[in-house]
Structure formats: structure tokens, C-alpha cells
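Working notes, structure below.
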């Protein structure tokens, strides 16, 4: 009975993130779709400026990542695709992305004027201007004085005084 439950779990389709070569996201998405794999590369329109013109381009939301909705039997097909480096792992296993998380991203990207900024946890460099989105200091802008993976130290200048406050990275976002 347990073996049968385990077997049905491996044949159930789930979302996984795959790590790709840089700037290969859209190519890999197209190749996987041609192979019959349910693949999704979230794209958003971005305005780019050059010295002589500006242009609206489709840019992957997550650099070097593509999402696939597969079962265990399709893993080899995905990994054998040129440009796919590996699955994204969490705790020694390919990371499973919940259906709800994929739907949230899809719904948001479907909204008119939606713009998402994705920054890795290590993306907060010193002197980056940030906005506090949670907690007692919500709505205040500050400057990163020391960044890290889980916590960031932000200088908040209010009332003519300088406060240095430690925030979890999910409490802040860059000021664009």
C-alpha cells in the first residue's frame, strides 16, 4: 500500500525550477514546449534605453530560471535539454514550487502595468536606497549600511537623528 502511494506521488505532476545557462531562459522554454514538456518562463515587458533609441523588450522575470510542470518520468527529458544546467535543489531534493505560488506570479503578471523586481537576498549592497515595507518603520526610506543573506542593516534618518536598524531582508525593497 505504501509503495503504491509512493508510486502515485512520483507520477503526480508538480512545478520545479530549473537552472539555465545565462540568457538562455526563453530558448530553453521554447525547446521544452516543443518536446511536449509543460514549461513556463515568466516574462515582463521592460523599457530599455540606448544612446540612439528606446525599446520595449520581453525580459525573463527570473534570470537563469525556468519553471516546469512535470512528473518524475519527465526529469531526464528536462535535464537532457541543451542549456539546462540542473534542477534547483532544496534540502538535497529538487525544490517543489507550490501551484499557488505559480498562480500568484501568473495572475500578477496578467495585471495591466504590473512590474515586479526580483532581487536575491544578497542583492542589497551598501548605499542602496530601500523602503521599509513591514513593521514599526513601515513607509520609511533608508540606506543600507551592511547587507547580508538574512538581515540587512539600514540607516534611517528621521527627526534629524540617525538610527541604525536591523531588518530581515523580506521587510525591505529597493527604491526605484
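How far, in nm, would the chain grow between residue 46 and residue 126 when pulled straight, counting 0.36 nm per residue and subtracting the alpha carbon separation? Kindly include the intermediate steps, with their values, before the conclusion.
Values: separation 80, 0.36 × 80 = 28.80 nm, distance 2.57 nm.
Between residue 46 and residue 126, full extension yields 26.2 nm more.
At a Förster distance of 41 Å, what's the computed FRET efficiency of residue 80 paired with residue 146, Cβ-Cβ distance as r, to 0.05? Walk me through the intermediate numbers first.
On the way: r = 43 Å, r/R0 = 1.05.
Once rounded, the FRET efficiency stands at 0.40.
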Counted neighbours (other Cβ, 10 Å), sorted fewest up, put 18, 43 in the order 43, 18
Modelled FRET efficiency - R0 45 Å, residue 54 with residue 11, Cβ distances, 0.05 increments: 0.40
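I want to verify the translational diffusion coefficient of region 1-106 in µm²/s; compute it with Stokes-Einstein, Rh as the Kirkwood radius over Cα pairs, at 25 °C and 0.890 mPa s. Write down the numbers at each step before the final one.
Details: Rh = 15.1 Å.
After rounding, the answer is 162 µm²/s.
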Cβ neighbours within 10 Å, averaged per peptide: list 11-17, 141-147 in order, most packed at the top. 141-147, 11-17
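Only counting other Cβ atoms within 10 Å, I'd like 154, 37 sorted with the fewest neighbours first.
Working: 154 27, 37 17.
Starting with the residue having the fewest Cβ neighbours, the order is 37, 154.
We did not get these values from a lab; they are worked out from the coordinates using the rules stated. Because the structure is predicted, anything quoted here is derived from the model rather than measured. Positions of Cβ are generated from backbone atoms using ideal geometry, with glycine treated the same way; all protein chains shown enter the neighbour counts.
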